[in-house]
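FYI, it's all coordinate maths here, none of it is from the lab. Keep in mind that this is a model prediction, so the values were computed, not measured. Note that each Cβ is placed from the backbone with ideal geometry, even for glycine, and that neighbours are counted across all protein chains shown.
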Amino acid sequence: MNLASTALVNNASAGSPGSAANGAQIFVLKKAMNLQAEGAAVLLASVPQPPAPSSALASSGNLGTRLNTYA
């Protein structure tokens with residue numbers, strides 16, 4: 001969700017500075033952004049970790065140490 005294009009942001013920036021309505025809009029905006037951040041953190045935490053390599057990569061010899069590419 002892109003908060004930059006929501007009506008809440010437009011209304012919050014259009015109000016007079018220091019008004020109660022403006023303060024309430026900013027409060028709701030911050031709360032919505034915090035909820036989004038929490039949701040994103042949960043999604044990132046649910047991504048499985050890649051498995052650890054079972055053996056070391058080849059570092060000598062002809063097998064597995066060269067990559068042949070042709071265009």
What is the distance, in nm, between label points placed 7 Å from the Cα along the Cα-to-Cβ direction at V42 and at A21?
3.3 nm
A52 and Y70 label points (each 7 Å along its Cα→Cβ direction) are spaced in nm at 4.0 nm
Please sort 44-51, 31-38, 59-66 by packing, taking for each peptide the average over its residues of neighbouring beta carbons within 10 angstrom, highest first.
31-38, 59-66, 44-51
Rounded to one decimal in nm, the spacing of the 7 Å Cα→Cβ label points at K31 and L63 is 6.4 nm
